[in-house]
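To keep things clear, I will list the structure first and then write my remarks on it.
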Amino acid sequence: MKYPISTRSASLTPSLTLAIDAKAKALKAEGQDVVGFGAGEPDFDTPQHIKDAAVAALAAGFTKYTPSSGTPELRQAVADKFKRDNGLEYKSSQIIISCGGKHSCFNVIFATCQEGDEVIIPAPYWLSYPEMVKLAGAQPVILPTTDKTEFKITPAQLRAAITPRTRLLVFNSPSNPTGSVYTPEEAKAIGEVCIEKGVLIMSDEIYEHLLYDGARHQSMASFSRAHYEHTVIVHGLAKAWSMTGWRIGFLAAPQPIANAIDAVQSHSTSNPTSFAQKGAVAALNGPQDHLKPWMAEFDKRRQYAWDRLNKIPGLSCVNSKGAFYLFPNISGTGLKSTDFCARLLEQEKVAAVPGIAFGADDYIRLSYATSLANIEKGLDRIEKFCKGR
Ligand SMILES: *Cc1c(COP(=O)(O)O)cnc(C)c1O
């Protein structure tokens with residue numbers, strides 16, 4: 001049998017992060033002492049009151065279909081969150097609950113883009129964005145940046161990339177994989193170019209609460225009425241509440257876009273897991289005091305790792321201002337990222353993600369969502385690896 005494989009699925013690049021992860025896990029299973037810097041999730045447990053709410057929902061039989069776009073209770077809790085944290089007014093009909101922030105991104109791209117459309121994605125980017133754009137039949141247009149500008153695009157660079165075919169700008173601050181954060185002034189100016197050119201912005205704000213060194217986040221939708229009308233905010237519970245496995249994300253959109261996404265979701269996944277939605281209500285409406293100690297811990301690790309990285313021959317690293325990643329430049333080692341990471345894993349049993357996965361081949365991504373002891377051990381090994389070159 002000649003199996004049918006669609007051009008759409010055949011055009012996808014399989015996830016390099018998952019490949020590295022699989023290799024590291026295989027080595028671990030052989031009993032090797034592997035240090036993993038690959039994690040894209042916090043190493044803290046979900047706060048207890050959130051788990052309790054989901055358990056109580058299960059016990060009470062809350063196990064049936066909910067409305068496709070989420071329970072009214074959770075959509076209202078999300079609307080309240082945007083009011084409380086961002087000063088934004090959304091009706092609950094403008095809020096869609098999806099199966100993770102990744103699914104929210106997919107829904108936005110799928111509902112707004114098609115063949116012949118272009119989507120502008122600044123690099124380094126979260127690796128799923130360009131693949132989602134390809135799945136929708138549209139064309140990713142990558143805007144490269146470097147550590148010299150803290151991986152930020154300029155309004156002029158954006159303006160030059162916009163064509164009559166441009167439908168969407170993907171904007172992600174704080175950023176995965178670089179940890180860079182646009183100042184409110186910078187973000188506002190990027191938004192103004194999109195308003196002038198009639199381009200919609202998908203603003204992925206999932207790391208909004210994970211900030212360091214006094215960095216400030218202001219939602220793209222909050223700068224003016226026009227910004228609000230040109231922005232879809234994508235967000236989720238995964239990172240700031242450590243709920244990656246729960247698969248609950250959300251978005252806030254202008255009403256016509258929310259309606260289109262509602263239709264897409266109603267014919268694909270239907271509702272996100274009912275009792276996970278109850279946990280999400282508890283997460284959003286409950287106490288937020290878990291975050292402060294988590295951030296203190298992340299910050300300690302970040303400072304330690306950043307300091308060490310800049311003392312290693314061949315490496316240089318701008319410090320991250322958000323999320324939980326560092327993105328060191330490895331060009332001084334003479335290696336490109338895939339080679340660097342493959343040899344590092346082979347020789348020193350350290351797993352890192354090659355920057356090429358994020359569209360930046362002179363860098364690697366290190367996640368500091370792992371213990372300080374692991375970070376110390378891993379950096380000793382990276383130092384040995386680079387000194388030996
Ligand atoms: C983790 C992450 C998401 C969402 O992850 P989910 O687990 O699907 O909620 C979205 N955007 C970025 C940039 C992320 O790093």
Qualifying residues in the stretch 183-203 (those that are open to solvent by less than 10 Å² (accessible area, probe 1.4 Å) and in contact (Cβ under 8 Å) with a residue 40 or more places away in the chain) - the one nearest to PHE324 (Cα to Cα): MET202
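Restricting to the stretch 344-389, name every residue that is of a type in the set (D, E, K, R) and under 21 Å from TYR304 (Cα atoms).
Pass one, the stretch 344-389, residues of a type in the set (D, E, K, R): 346, 348-349, 361-362, 365, 376-377, 380-381, 383-384, 387, 389.
Those that are of a type in the set (D, E, K, R) and under 21 Å from TYR304 (Cα atoms): GLU348, LYS349, ARG365, GLU376, LYS377, ASP380, ARG381, GLU383, LYS384, LYS387.
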Test: residue in the stretch 47-62 that is assigned to a helix (DSSP H, G or I), open to solvent by less than 90 Å² (accessible area, probe 1.4 Å) and in contact with a strand residue (DSSP E or B) (Cβ under 7 Å, 6 or more places away or on another chain): no
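Only one residue in GLY332, GLY388 is surrounded by fewer than 16 Cβ atoms within 10 Å (Cβ to Cβ) and in contact with a Cys (Cβ under 9 Å, 6 or more places away or on another chain). Which one? Explain how you work it out, then say what you get.
Numbers: GLY388 fails: in contact with a Cys (Cβ under 9 Å, 6 or more places away or on another chain).
Result: GLY332 is the single residue among GLY332, GLY388 that is surrounded by fewer than 16 Cβ atoms within 10 Å (Cβ to Cβ) and in contact with a Cys (Cβ under 9 Å, 6 or more places away or on another chain).
Can you name the helices (runs of 4 or more DSSP H) wholly within the stretch 238-347 that have at least 2 residues being in the same structural domain as GLY100 (by TED's automatic domain parsing) and in contact (Cβ under 8 Å) with a residue 24 or more places away in the chain?
Numbers: elements: 255-266, 274-285, 291-309.
Hits in the stretch 238-347: 255-266, 274-285.
Just to be sure, is LYS300 out of contact with any strand residue (DSSP E or B) (no Cβ under 6 Å at 6 or more places or on another chain) and within 29 Å of GLU205 (Cβ to Cβ)?
Working: out of contact with any strand residue (DSSP E or B) (no Cβ under 6 Å at 6 or more places or on another chain): yes; within 29 Å of GLU205 (Cβ to Cβ): yes.
Criteria met by LYS300.
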Pair list, Cβ under 7 Å, 6 or more apart: the stretch 88-112 residue at positive phi, other residue of a type in the set (Val, Ile, Thr): GLY100/ILE248
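Every residue, every condition in (1) closer than 29 Å to PHE324 by Cβ; (2) aliphatic (A, V, I, L, M), yes or no:
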residue: PHE110; (1), (2): yes, no
residue: GLU115; (1), (2): no, no
residue: ALA123; (1), (2): yes, yes
residue: SER128; (1), (2): yes, no
residue: GLN139; (1), (2): no, no
residue: THR146; (1), (2): yes, no
residue: GLN157; (1), (2): yes, no
residue: PRO164; (1), (2): no, no
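Which of the residues spanning the stretch 84-133 are of a type in the set (Gly, Ala, Ser), away from the ligand (no atom under 15 Å from the Cβ) and closer than 21 Å to ALA276 by Cβ? Walk me through it before giving the result.
Our first condition is that a residue be of a type in the set (Gly, Ala, Ser); within the stretch 84-133, this holds for 87, 92-93, 98, 100-101, 104, 111, 116, 123, 128.
Next, from what is left, pick out any that are away from the ligand (no atom under 15 Å from the Cβ): 87, 92-93, 111, 116.
Once the filter is applied, which keeps residues that are of a type in the set (Gly, Ala, Ser), away from the ligand (no atom under 15 Å from the Cβ) and closer than 21 Å to ALA276 by Cβ, the stretch 84-133 yields only SER92.
Could you run through the stretch 126-163 and say how many residues are in a loop (DSSP other than H, G, I, E, B), surrounded by fewer than 18 Cβ atoms within 10 Å (Cβ to Cβ) and under 19 Å from the mean Cα position of the chain (by Cα)? Before the answer, list the steps.
Of all residues in the stretch 126-163, those in a loop (DSSP other than H, G, I, E, B) come to 126-127, 136-138, 144-146, 150-154, 162-163.
Filter once more, so that each one left must be surrounded by fewer than 18 Cβ atoms within 10 Å (Cβ to Cβ): 137, 144, 146, 154, 163.
Next, from what is left, pick out any that are under 19 Å from the mean Cα position of the chain (by Cα): 144, 146.
Within the stretch 126-163, residues that are in a loop (DSSP other than H, G, I, E, B), surrounded by fewer than 18 Cβ atoms within 10 Å (Cβ to Cβ) and under 19 Å from the mean Cα position of the chain (by Cα) number 2.
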Test: ALA24 is open to solvent by less than 30 Å² (accessible area, probe 1.4 Å) and either assigned to a helix (DSSP H, G or I) or in the same structural domain as ARG247 (by TED's automatic domain parsing) (or both): yes
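The values are calculated or read from the model by the stated rules, or taken from the named source; none is laboratory data. Keep in mind it's a predicted model, so treat the numbers as computed, not measured. When we count neighbours, we look across all protein chains shown, and the Cβ atoms used for this are built from the backbone with ideal geometry, even at glycine. Accessible surface is based on the protein model in full, side chains and every heavy atom, while ligands, DNA and RNA are left aside. Shrake-Rupley method; radii C 1.70, N 1.55, O 1.52, S 1.80 Å.
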